[in-house]
Every structure is written in C-alpha cells, then in structure tokens.
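Asker: Can you keep this structure in mind? I'll have questions shortly.
The values are calculated or read from the model by the stated rules, or taken from the named source; none is laboratory data. Predicted, not measured: the structure shown is a model, and the values here were computed from it. Glycine also receives a Cβ, built like all others from the backbone with ideal geometry; neighbour counts cover every protein chain displayed.
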C-alpha cells in the first residue's frame, strides 16, 4: 500500500464512519477498487477507527468533558447514569468480539465478501427507511433497556456492510428516542470498544503489521480530518431527519456491490 492509497482509504473511513452507510463495507469496496492487499486487514482498519474515535472526542468534547467530570462525583448523578447506559450498550459487542472475532476477520478475506457487503448494505437501507417512516412516541431519555437494545444493533453491525451508526441510530429512533439524543449516544457508545480493540492490537505488537509507518500515519490523519467534518455533518443531519437519502444510497451501493461480484 502506498501513501496515496492510504490517504484515500482514510478519507473513505473518516466520511463513512459517521454517515449511516457502513464504514467497513465501503472500506472493503475501496480496497477492492484500489487493489490494496494487506497481510492483516484488521491492522490498518483499527488504525483508521482510532482516528475516527479521536475525531469523535474532539467534536463532542464538551459532552465528554461533562461526563468525565460527573463520573467522579460521590453522589449518583445523570452523568454517571449516562456512562452506565453506555456500559450496558457495550455488553453485546463485547460478547460478539470475544466469541466471533476470528470468524468475522476470516469473512473479510472471503471470495464472496462483496456479496456479503452488498446484502448488509441493503439491510442498512431497509433499517434507515423503516426508521424514517415510523413515527413512535418520543421519550425524553434513553433508558437502560433501550441502551441494551441499541447495543444489540451495534453487535449485529460487526458484519461488514451493516452500518454501525445506521443500525444504532435507526434502532434508537424506532424505540422512540429523540433524534439528537440518539445521534450523540450512538457516537459516544463506540468510543470504548474501539479504544479497547486498538489497545489490544498495540499490546500484541501487531499495529503496524502488513503496512509501512508512512502510509499508516497518512491514513490516520486523513481519517481524523474527514471524521471531524463528517461527525458535525451527521449530528445536524439526524436532527433534521434526512436519513432517507442515506437509505437510497445504501440500496444503490448494495446493488452495485453484488452486481460487480456477479459480473466479475
């Protein structure tokens, strides 16, 4: 992988991590188009995810700071309750990561990966469309039950092509939570799992396996910059309720992905 390819992949990751169009699916499609071959797919992917985690912290710093300050209060408060809900939402993805990580990694290298990605993009489109047209009664706060169900959606999104943000935001909206609250919760709940995975990879000494340091840094910076822009854009987009256009895009992208495999 050269530096230009790394930058292009970083841009794809930075944009699609926050837009409900599946970052993993688009990253896989981009690799196919660019002809990028990595000894360890997850290594470069984790570095890009770490960049988007940093962009999330930067854009939502005021909220992150408020939660951290409230965390150390002696009395149980709203901030501690919110963090506890995030912990509850992490349980499903923790179980999936522990039990199915190797199978999911193997799937990324499967010959039919474009078919899998295409099918999951179509599922993402269906979820977004359903959430757009559904009109559940809105609730003031995300409950512990809702946090766990949203966490289940995040766990399902471990499948390449199924958008994490799309699945969690759509699920939160279908449960009747307010748009702004769901978008913020969706972006904050992923911080700990990705940071944990990054730390584990680094501890194994495998973070730069299969890719040179230069392209890795270039991809990281590209993902961080575009991630900041995409995070701000998506927060506003969810508030305005314009998810239907992403459903249309995911449907088209899914059909193109499957067709390209069949014709190839």
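Asker: Looking at the stretch 1-14, which of its residues are in contact with a helix residue (DSSP H, G or I) (Cβ under 8 Å, 6 or more places away or on another chain), in a helix (DSSP H, G or I) and either without any contact (Cβ under 8 Å) to a residue 60 or more places away in the chain or surrounded by fewer than 21 Cβ atoms within 10 Å (Cβ to Cβ) (or both)? I'd like the intermediate steps shown before the answer.
Answerer: Filtering the stretch 1-14 for residues in contact with a helix residue (DSSP H, G or I) (Cβ under 8 Å, 6 or more places away or on another chain) gives 1-3, 5-14.
Now restrict to residues that are in a helix (DSSP H, G or I): 3, 5-14.
Residues satisfying the conditions are 3, 5, 7, 8, 11, 12.
Asker: Let me ask something additional. Could you please let me know if residue 48 is under 21 Å from residue 189 (Cα atoms), surrounded by 18 or more Cβ atoms within 10 Å (Cβ to Cβ), under 19 Å from the mean Cα position of the chain (by Cα) and touching a residue at least 24 places away in the same chain (Cβ under 8 Å)?
Answerer: Numbers: under 21 Å from residue 189 (Cα atoms): yes; surrounded by 18 or more Cβ atoms within 10 Å (Cβ to Cβ): yes; under 19 Å from the mean Cα position of the chain (by Cα): yes; touching a residue at least 24 places away in the same chain (Cβ under 8 Å): yes.
In short, yes.
Asker: Something else: When residues of the stretch 52-73 are filtered for being part of a helix (DSSP H, G or I) and surrounded by 15 or more Cβ atoms within 10 Å (Cβ to Cβ), how many remain? I'd like the intermediate steps shown before the answer.
Answerer: Step one: filter the stretch 52-73 for residues part of a helix (DSSP H, G or I), giving 52-59, 61-71.
Narrowing the set further to residues that are surrounded by 15 or more Cβ atoms within 10 Å (Cβ to Cβ) leaves 52-57, 59, 63-64, 67, 70.
Residues flagged as part of a helix (DSSP H, G or I) and surrounded by 15 or more Cβ atoms within 10 Å (Cβ to Cβ) within the stretch 52-73 amount to 11.
Asker: Also, quick follow-up: Of 151, 166, 161, which residue is more than 19 Å from residue 245 (Cα to Cα) and touching a helix residue (DSSP H, G or I) at 6+ places or on another chain (Cβ under 8 Å)? Break it down stepwise before answering.
Answerer: Working: 166 fails: more than 19 Å from residue 245 (Cα to Cα); 161 fails: more than 19 Å from residue 245 (Cα to Cα).
On inspection, the qualifying residue turns out to be 151.
Asker: Is it the case that some residue within the stretch 155-173 is surrounded by fewer than 24 Cβ atoms within 10 Å (Cβ to Cβ) and more than 15 Å from the chain's Cα centre (by Cα)?
Answerer: The answer is no, given that none of the residues of the stretch 155-173 is surrounded by fewer than 24 Cβ atoms within 10 Å (Cβ to Cβ) and more than 15 Å from the chain's Cα centre (by Cα).
Asker: Here is a further query. Residue 209 - would you say it is over 19 Å from the mean Cα position of the chain (by Cα), modelled with pLDDT under 80, part of a helix (DSSP H, G or I) and surrounded by fewer than 18 Cβ atoms within 10 Å (Cβ to Cβ)? Walk me through it before giving the result.
Answerer: Working: over 19 Å from the mean Cα position of the chain (by Cα): yes; modelled with pLDDT under 80: yes; part of a helix (DSSP H, G or I): no; surrounded by fewer than 18 Cβ atoms within 10 Å (Cβ to Cβ): yes.
Considered against the rule, which asks whether it is over 19 Å from the mean Cα position of the chain (by Cα), modelled with pLDDT under 80, part of a helix (DSSP H, G or I) and surrounded by fewer than 18 Cβ atoms within 10 Å (Cβ to Cβ), residue 209 comes out as no.
Matching residues to (1) surrounded by 14 or more Cβ atoms within 10 Å (Cβ to Cβ); (2) under 21 Å from residue 191 (Cβ atoms); (3) under 15 Å from the mean Cα position of the chain (by Cα):
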site: 220; (1), (2), (3): yes, yes, no
site: 236; (1), (2), (3): no, yes, no
site: 243; (1), (2), (3): yes, no, no
site: 259; (1), (2), (3): no, no, no
site: 262; (1), (2), (3): no, no, no
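Asker: Right, next: Within the stretch 123-148, track down each residue that is buried (at least 19 other Cβ atoms within 10 Å of the Cβ) and either touching a helix residue (DSSP H, G or I) at 6+ places or on another chain (Cβ under 6 Å) or at pLDDT below 90 (or both). Let's see the steps before the verdict.
Answerer: Within the stretch 123-148, the subset buried (at least 19 other Cβ atoms within 10 Å of the Cβ) is 123-125, 127-128, 131, 142, 146-147.
Within the stretch 123-148, 124, 125, 127, 128, 131, 142, 147 meet the criteria.
Asker: Inside the stretch 111-151, can you point out the residues that are under 11 Å from residue 166 (Cα atoms) and part of a loop (DSSP other than H, G, I, E, B)?
Answerer: Those that are under 11 Å from residue 166 (Cα atoms) and part of a loop (DSSP other than H, G, I, E, B): none in the stretch 111-151.
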